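Let me begin by presenting the structure, written as structure tokens, before commenting on it.
The values are calculated or read from the model by the stated rules, or taken from the named source; none is laboratory data. Just so we're clear, the structure is a prediction, and the values are computed from it rather than from any experiment. Heads up, the Cβs are rebuilt from the backbone with ideal geometry, glycines too, and the neighbour counts pull from every protein chain shown.
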Amino acid sequence: MSVTAIHDDHHDHGPTKGFMRWVTTTNHKDIGTLYLVFSLAMFMVGGAMALVIRAELFEPGMQFVDPLFFNSMTTLHALIMVFGAVMPAFAGLANWMIPMMIGSPDMALPRLNNWSFWLLPFAAVMLVSTLFMDGGAAAAGWTLYPPLSLQAGASFPFTIFTIHILGISSIMAAINIIVTILNMRAPGMTLMKMPLFVWTWLITAFLLIAIMPVFAGAVTMLLTDKFFGTSFFNAAGGGDPVLYQHLFWFFGHPEVYVLILPSFGIVSQIIPTFARKPLFGYSSMVYATASIGFLSFVVWAHHQYTVGMPVEGELYFTYATMLIAVPTGVKVFNWMSTMWQGAMTFEAPMLWAIAFVVLFTMGGFTGLMMAISPADLQYHDTYFIVAHFHYVLVSGAVFAIIAAVYYWLPKWTGVMYDERLANLHFWLTTISVNVCFFPQHFLGLAGMPRRIPDYALQFAEFNAWSSVGAFVFGFSQLILCYIVVKSMRGEGEKATDEVWEGASEHGLEWQLPSPAPYHTWEHSPHIH
Amino acid sequence: MKERFERRSNSKVLWPVVLVSIAMFGIGFALVPLYDVFCELTGLNGKVKSEAQAEAGFRVDQARWVTVEFVTTVNGEMPLGFRVETTKLKVHPGEYQTVKFFGTNQSDRTLVGRAIPSIAPGWATQFLKKTECFCFSEQTFEPQKEREMPVRFVIDPALPESVADVTLSYTFFDITEKQQ
Ligand code: HEM
Ligand SMILES: [Cu+2]
């Protein structure tokens, strides 16, 4: 094995000045910041689209937009939130925190890192620009099922190309994270000593390199079906549209775990800190994460119970899907046991983490209901699904990201955020997210289909509630923006190095100064 | 005491990971034929063999009736009138039957179409055997003319007892433009 020592003659040099710093940077903290700021911007853009949807659905009848534009909004909202907001936020957190947590001076491949970020703004601009093209933006839903998705207008190749770019970006980020974690740990940082955030990201990164290429392949087939006369999904030429669904969900189900595993990691960092106890069942957490990662590859057709599978297939996918609830249950159990008899305090990160555990578990329960194929025949493609995945993605993934921001913001900026405002943000968000999404369970059970701009009168009341919740939720996020901007400008009480009482026992990052200097761990820390 | 950071070469980890990503792109495409093989082996998805099968002498099961229903669909806006002489037929397993389908070209240009069969329930597919079918090849329809298209089939007596109804459906796709 070749061993090279990194030169450390002038380790106190800071960033270059001005705008070019951000374009050319290879520093993991700069790139982490870029990812996080980009993600927040996309969260607002995607959120605005959600408010267009909810405004139209406030009352039955058509009020504001035409059906095609409505469908474009549901499609772009989902694509932007998944690929523009949640995944880049996790990538940003990984960039900032993984090197600091494993005692490494930077990511393993810093220039690749710069590139994988800078692809994103271009992809985002291209995706949003499709709204102004002939025939409107993609409107067949984020799943892009053919033959409907093939009927799009001029925007079609741009949508596909956007997905290619986003895919390449996240594959590169995943590769970088794997190499960093496997190769850059400080001496003594064995795998089973790694913080759970690092573990969950390692497994997520493996999922990403396995599924993003398959998705890229599937959308390439859509492209050649449309423009080059192939018949992968075209029945007239001997293809099969259902094939696309199998390819998509082979990607799609592991993808939903890409969106949740890093959240598991974040919550597993925060709860021990504020319960002032070590994480309960560390190694069972690692094994549970690994088994969730593995199982996620063998359950994909639970999204396709209605395509006409044989009974054996329905049974297999039902049981396999329900099996995932076992390792997930182990995790929830461990979080609760960590809190059990802990000396808990409820600063903002802890509030969000606890809300995560409660609300994510509710999403898991509805998931179990839909896993049962005879029951899912009724739930499928109704608002029940919409309620399910918003509980796991908004009050799951997004809550965890917000928890992480509050948790590490003082370390990044060196100042404490305003706890009272953060509490206000928490309560407004948590109440409104439930007002928004809880009624959607009832709507779905009563038979309201998803992805429709107009609906029957009996659904009016719950939809009105849901829209009110959505607007309160959306505007509450301005508080988050305000808090973040204020901290980034260095306004606020100075944070200690440890930030949270006793935190230095819970991770290497708390042994560094606040704000974390531009270069950290150029000398490896000592790990016991 | 602090140690200087010593770094092992990244490429030992990097290249295997890059190769996995590239391989997965290939596997995505490989799934297409694999999926067909899987459907063929298991008879899932109602995917029907598109070749004729030789006429075999099954023992006719006089005691049992199976209802075969026929569905005709035209995809998109193809100007074709597509119908079948009867929508329902009661047959004994093992007994050969012929049903006539008709296609009428309602336009003033020649149409080329391709019919894609599908059988429900999917797991009955392998037990419905066709010795003659217009779905084996593309069909040409002269302007404003009607054509008769017979289908000869048999239900294999091995069809599980639980299946009493089988639906055979055809969808005609317009491939006129692809032919030119
Ligand atoms: C115990 C765990 C879970 C189970 C058993 C489960 C089960 C299911 C099932 C059966 C469906 C398909 C319903 C249908 O279309 O008829 C579904 C949809 C969905 N799930 Fe889950 N799920 C679980 C956790 C998650 C997590 C953790 C996420 C993401 C963070 C997630 C995100 C989604 C999404 C986005 C959809 C909808 C996809 C679409 O059709 O657009 N689920 N889930
Ligand atoms: Cu799934």
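Values computed for the structure shown
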| quantity | calculated |
| --- | --- |
| Pair list, Cβ < 7 Å and 6+ apart or interchain, from the stretch A:352-373 residues that are more than 14 Å from chain B (Cβ to nearest Cβ) and in a helix (DSSP H, G or I) to residues that are more than 12 Å from ligand 1 (Cβ to nearest atom) and polar (S, T, N, Q) | A:A355/A:T430 |
| Of the criteria (1) away from chain B (no Cβ under 13 Å); (2) surrounded by fewer than 24 Cβ atoms within 10 Å (Cβ to Cβ), which one A:Q245 fails | (1) |
| Which numbered condition B:F127 fails, given (1) among the aromatic types (F, W, Y); (2) touching a Gly at 6+ places or on another chain (Cβ under 8 Å); (3) within 14 Å of chain A (Cβ to nearest Cβ) | (2) |
| Filter pass, A:F232 being within 12 Å of chain B (Cβ to nearest Cβ), more than 15 Å from ligand 1 (Cβ to nearest atom) and in contact with a helix residue (DSSP H, G or I) (Cβ under 7 Å, 6 or more places away or on another chain) | yes |
| Some residue of the stretch A:341-350 being in contact (Cβ under 8 Å) with a residue 40 or more places away in the chain, surrounded by fewer than 21 Cβ atoms within 10 Å (Cβ to Cβ) and touching a strand residue (DSSP E or B) at 6+ places or on another chain (Cβ under 8 Å) | no |
| Output for the stretch A:260-300, where each listed residue is among the hydrophobic types (A, V, I, L, M, F, W, C) and more than 14 Å from ligand 1 (Cβ to nearest atom) | A:I270, A:I271, A:F274, A:A275, A:L279, A:F280, A:M285, A:V286, A:A290, A:F294, A:F297 |
| Qualifying residue in the stretch A:190-207 (condition: of a type in the set (V, I, T), at the interface with another protein chain (Cβ under 8 Å from one of its Cβ atoms) and in contact (Cβ under 8 Å) with a residue 40 or more places away in the chain) | no |
| Selection within the stretch A:301-348 - more than 9 Å from ligand 1 (Cβ to nearest atom), within 14 Å of chain B (Cβ to nearest Cβ) and within 27 Å of the chain's Cα centre (by Cα) | A:A301 |
| Lone qualifier among A:A50, A:A41, A:A78 - being farther than 28 Å from A:A456 by Cα and not acidic (D, E) | A:A41 |
| Residues satisfying the stated conditions in the stretch A:498-528, i.e. part of a helix (DSSP H, G or I), in contact with a Pro (Cβ under 6 Å, 6 or more places away or on another chain) and within 14 Å of another protein chain (Cβ to nearest Cβ) | A:L508 |
| Given (1) without any contact (Cβ under 8 Å) to a residue 60 or more places away in the chain; (2) over 12 Å from the mean Cα position of the chain (by Cα); (3) within 15 Å of ligand 1 (Cβ to nearest atom), number of the condition A:Y257 does not satisfy | (2) |
| Hits in the stretch B:55-85 (condition: assigned to a strand (DSSP E or B) and more than 16 Å from B:L111 (Cβ to Cβ)) | B:V66, B:T67, B:V68, B:E69, B:F70, B:V71, B:V84 |
| Answer residue from the stretch A:306-330, given it is away from ligand 2 (no atom under 11 Å from the Cβ) and of a type in the set (F, W, Y) and is farthest from A:L247 (Cα to Cα) among those | A:Y319 |
| The stretch A:377-387, residues that are surrounded by fewer than 24 Cβ atoms within 10 Å (Cβ to Cβ) and assigned to a helix (DSSP H, G or I) | A:L377, A:Q378, A:Y379, A:I385, A:V386 |
| Selected residue (only one of A:F264, A:F297 is under 21 Å from A:I211 (Cβ atoms), within 16 Å of ligand 2 (Cβ to nearest atom) and in contact with a helix residue (DSSP H, G or I) (Cβ under 8 Å, 6 or more places away or on another chain)) | A:F297 |
| Residues of the stretch A:459-473 satisfying the condition of being within 22 Å of the chain's Cα centre (by Cα) and free of Cβ contacts under 8 Å to residues at least 40 places away in the same chain | A:G469 |
| Some residue of the stretch A:374-381 being among the acidic types (D, E) and under 30 Å from A:R489 (Cα atoms) | no |
| Residue match in the stretch A:98-113 (condition: part of a helix (DSSP H, G or I) and within 22 Å of A:A48 (Cα to Cα)) | no |
| Residue in the stretch A:428-436 that is within 15 Å of ligand 1 (Cβ to nearest atom), under 28 Å from A:T345 (Cβ atoms), at pLDDT 95 or above and part of a helix (DSSP H, G or I) present | yes |
